[in-house]
Amino acid sequence: MIAPASPASDSRAALFKKLRGQLLEAVELPDLSAESWIRYDDPLAQFEEALKTVGGVSVRVPDAAAAQAHLKQSPVWSEAKQTVSLVEGVGETTEGLGAVPDVHELAGVDVAVFGGLFGVAENAAVWLDFSHSDHRGLCVLAQHLVLVVPASEIEHTMHGAYARLADADGSHRQKFGRGGFGMFVSGPSKTADIEQSLVIGAHGARSLTCYLLEEPDEQGASAP
Amino acid sequence: MTKTAEHPDRARAFVADDARAHWHDESLWFVRQKRDRQVHSVPEWERLRELASQVKRHAISRWPDYLEEFEKNATALGAKVHWAADAEEHNRIVLGILRDAGVKKITKSKSMLTEEVHLNPYLIKHGIDVTDTDLGERIVQLREETPSHIVLPAIHLKREDVSETFHDKIGTESGNADPAYLTEAARQHLREKFLGAEASITGVNFLVAETGGFVVCTNEGNADLGTSLPRLHIACTGIEKLVPRAADLAIYLRLLARSATGQPITTYTSHFHGPRPGGELHIVLVDNGRSDLANDPQFRDVLNCIRCGACMNTCPVYRRSGGHSYAATVPGPIGSVLNPLHALTPRIVRESEQGEGVEPREGEAGDAHGSLPFACSLCGSCTDVCPVKIPLHHQLLALRKTVGDRGLLPWGKRIGMKAAGKLLNSPKLFGVAGRLARKALPVLPRAAIYNRLNPWGVGRDLPPAPPKSFKQMWRDELKQEASSPGDPK
Ligand code: SF4
């Protein structure tokens, strides 16, 4: 038996005693690798379509420089007072915001630029990995979110997405088990809690723009 | 036994406002239709449901092993894991953590578990300032109501209601009921709360045994704003939210938002593995009656539930009677199974140990929820849409018997059922009753049929009585056939 983490509480002991005393019929754990899932003819186009339906905007560009040029033209950028970018060559970080000691100081950020590792065609989700940084708050604090994702890195479904995040043995013990934080983000923040009418910009980003880089350069759009 | 209001009594006020009840019905049907469109875009939908059910059933079949694995891995990541037998212990643990950290102000993201254990009133009583941050939950919190739906907490309210509440409580313009305006006002109001909070509490959608992490899904981003600002995060969860492997998440994430609101996935799907740098993470695992449910093969599958709300959106009774008529944290079909079970299971467990005839203990009668399994037309739509294949309408039918066996039926049903039982068991009696009814119905004054003793007759009319019984008609038919030459074959 593994020793409990906290000094063994009575409730823990009682619960395990009860559960161990129950004789349940065995149910096999299915092998998911044997399954076949939907594959889209053009996953990139499907991703763009899905992003539109969840309220986001996608822009195909050849490279980071083109993304930068496009971003600089956008009203969201020209109206922004404070910005933070975690992607080389796309957007900029306002002076003094690069290494703030407390995330509360990022409360006024207008635009944040993140690099997504990959996207998912079926639902327009983009995986953001924060295991090496504590900028997780920024992606909900910023008024507008800009993502940069290589156009070639689109998985068909969530199964492909988790396969992407797996260790060599197919489990997730190493990568996830080392700790940290990661999220799928699909479109801007939204709510329909008032009479089911959809409002974009609930608590998090009011808009989400995703640059799909057709020829990402070496250190371009990778992890933040 | 003290008499408590039954589902039809509690639904009365809601039903009385016909226009509003109709509007409620349509709002939910709209969500159901959005779900259908998403479902049709996934060719392997049925296979996913099958797998989702199997993985959950597997996890429950090895429940203690996976719980231990989760605890070990979460602890190795630096989280502190707590175990609570019931609501009272859960609330005590949470308050203890907040007190140790000297915390007075917290934000909460949506968690049905903390509703179930009544955490808010408990913390407020002990001097903690609690702000619900999901928009729907904040609306009902400001109105001092409870959520009427597990995914759409304020679905029973119209924009004018929200406008009035916001005008009173957070100072929005009187009469402005534009959802965009109201949402923006809530955003500003809650930003301040987020930035001022000293700790945050979230629920959990999935615990992953293999990694010791957990996943929280929101559309608004409130769980992420809440947890990324203060250093203390407390995640509260039922012990059944367990999946063995991270790869299993793909199955559930493909099903959850599509079933819930007809979206392909929630906007934010956050994976927490250990506290953030310099932070503190507590995970409170709550039993509160769940462990007993595993023992019963007929009802075990309720532990599969991922709280998507699809069964509510499709339920003709829920849509027309409103969530509050269930007087329970979880309403709708799954609530009509869970609540009576929760009330009755301790007694059923004792019966299995000591034999029949066990006396109910204080507060164990379950009569408050005894009428819920009858708030159902047995149409089976809930079972059809449930993404984890809980046989809801079969369970509801079975529960009617469970409730009946323990004398918890409402009086009117008890007498009616007894009489119907006698009648249907005796062909002779049935024949006599039929003859009488056919004679009496056309000539009886309305008041004799449509009165207090016949709740079924409220708002409904009987069809005209046929001149002959089916039996008579059948006999006449056979006679005729015998006397006329048969059809050439
Ligand atoms: S019972 Fe099924 S349909 Fe109802 S909330 Fe639970 S998972 Fe969803």
Any idea what angle helix A:64-73 forms with the longest principal axis of chain A, computed on alpha-carbon atoms, 0 to 90 degrees, nearest 10? 70 degrees
Rounded to the nearest 5, what % of the DSSP beta bridges within chain B are antiparallel ones? 25 percent
Computed over the Cα atoms of the protein assembly as shown, what is the convex hull's projected area averaged over all directions, in nm²? 39.3 nm²
What would the Debye formula give as log10 I(q)/I(0) at q = 0.13, 0.15, 0.19, 0.24 Å⁻¹ for the alpha-carbon point model of region B:1-105, no solvent? -1.05, -1.02, -0.96, -1.24
Within straight cross-link reach of residue B:468, meaning Cα distance under 21 Å, which lysines are found once same-chain residues fewer than 8 apart are removed? B:428, B:439, B:479
Work out the length of the dipole vector of region B:17-295 about its Cα centre, built from +1 on the beta-carbon of each Lys and Arg and -1 on the beta-carbon of each Asp and Glu, and round it to the nearest 20 debye. 700 debye
Could you please tell me the mean projected area of the C-alpha convex hull for chain B, averaged over all directions and given in square nanometres to one decimal? 30.8 nm²
Using helices alone, what [θ] at 222 nm do you get for chain A, with -39,500 (n - 2.57) per DSSP H run of 4 or more residues, divided over all residues and rounded to the nearest 500? -5500 deg cm²/dmol
Cleavage-rule hits, GluC sites (Glu not before Pro), region B:288-392, DSSP coil, Cβ neighbours within 10 Å at most 16: B:356, B:362, B:364
Quick shape summary for region B:272-399, equivalent ellipsoid via Cα gyration tensor, semi-axes whole Å in descending order, reads 26, 23, 14
For region A:28-183, give the share of DSSP beta bridges that are antiparallel, in percent and rounded to the nearest 5; count only bridges with both residues there. 25 percent
Which of the GluC sites (Glu not before Pro) found in region B:100-155 are in a DSSP loop and have at most 16 neighbouring Cβ atoms, other than their own, within 10 Å? B:144, B:145
How big is D for region A:41-213, in µm² s⁻¹ as a whole number, if Stokes-Einstein is applied with the Kirkwood radius of its Cα pairs at 25 °C and 0.890 mPa s? 147 µm²/s
Which angle from 0 to 90°, rounded to the nearest 10, does the C-alpha axis of helix B:411-425 make with the longest principal axis of chain B? 40 degrees
Calculate for chain B the 222 nm mean residue ellipticity that helices alone would give, adding -39,500 (n - 2.57) per DSSP H run of length 4 or more and normalising by residue count, nearest 500 deg cm²/dmol. -16000 deg cm²/dmol
Kindly state, to the nearest 0.05, the FRET efficiency for residue B:191 paired with residue B:118, given R0 = 25 Å and r defined as their beta-carbon distance. 0.35
When the charge dipole of region A:41-213 is computed with +1 on Lys and Arg Cβ and -1 on Asp and Glu Cβ about the Cα centre, the Cα farthest towards its positive end, among A:152, A:62, A:91, belongs to A:91
Only Lys, Arg, Asp and Glu count, each charged at its Cβ (+1, +1, -1, -1), so figure out the dipole size of region A:41-213 about its Cα centre, rounded to 20 debye. 140 debye
Dipole magnitude of region B:226-279 about its Cα centre (Cβ charges: Lys, Arg +1; Asp, Glu -1), debye to nearest 20: 100 debye
To the nearest 10 degrees, how steep is helix A:43-53 against the longest Cα principal axis of chain A, on a 0 to 90 scale? 80 degrees
Proximal aspartates and glutamates relative to residue B:72, as straight alpha-carbon distance under 12 Å, when same-chain residues fewer than 8 apart are discounted: B:210
Using the structure shown, select from A:18/B:422; B:110/B:169; B:34/B:241; A:175/B:56; B:108/B:158; A:72/B:105 the pairs with a Cα to Cα distance greater than 31 angstrom. A:18/B:422; A:72/B:105
If you stretched the chain out fully between residue B:145 and residue B:429, how much longer would it get, using 0.36 nm times the residue separation minus the C-alpha to C-alpha distance? 97.2 nm
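Bear in mind that the values in this text are calculations on the coordinates, not laboratory data. Owing to the predicted nature of the structure, the values given are computational and were not obtained by experimental measurement. Positions of Cβ are generated from backbone atoms using ideal geometry, with glycine treated the same way; all protein chains shown enter the neighbour counts.
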